[in-house]
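Read the structure below first, then the notes.
The values are calculated or read from the model by the stated rules, or taken from the named source; none is laboratory data. Given the structure is predicted, the values throughout are model-derived calculations rather than measurements. In this analysis, Cβ positions are derived from the backbone assuming ideal geometry, glycine residues included, and neighbour counts consider all displayed protein chains.
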Amino acid sequence: MSGYLPVLIFGLFIVGFGLVSLAVARLLRPSRPDAVKLMNYECGAVPIGQAWSQFPVGFYLVALIFIVFDALAVFLFPWVLVLRALGLSAFGVMAGFVAIIGLGWVYAYREGVLEWK
């Protein structure tokens, strides 16, 4: 437990700082609600239609696929730089990781996520 005491203290400082910052911001913020501030858009353009319009789910699916391949790039490039020093076991681990990412791609392809409609 004594080894985790500094981590606990640091965690309490982080939570305390967050709570105190939010409380001070709430006390110091200006409170001037008016019709323009309560509108959906503050850019000066008159809003057209409802604020609760739905976007096609394809946008979100493409974003999720992008995040998957972005994670692949984040892990793959540093691995390539140290591959020679790590040896053959590192190659097997990364081959497994790429296989899992590949299975995700095959699943997305079969579900039609990659087809833009």
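Points to keep in mind about this one:
- Considered as a group, the residues in the range 72-117 that are touching a residue at least 24 places away in the same chain (Cβ under 8 Å) and closer than 19 Å to PHE59 by Cβ include one that is surrounded by the fewest Cβ atoms within 10 Å (Cβ to Cβ), and that residue is LYS117.
- Qualifying position, being assigned to a helix (DSSP H, G or I) and modelled with pLDDT of 85 or more, among PHE69, PHE10, PHE59: PHE10
- Residue that is out of contact with any helix residue (DSSP H, G or I) (no Cβ under 6 Å at 6 or more places or on another chain) and of a type in the set (Val, Ile, Thr), where the choices are VAL68, VAL98: VAL98
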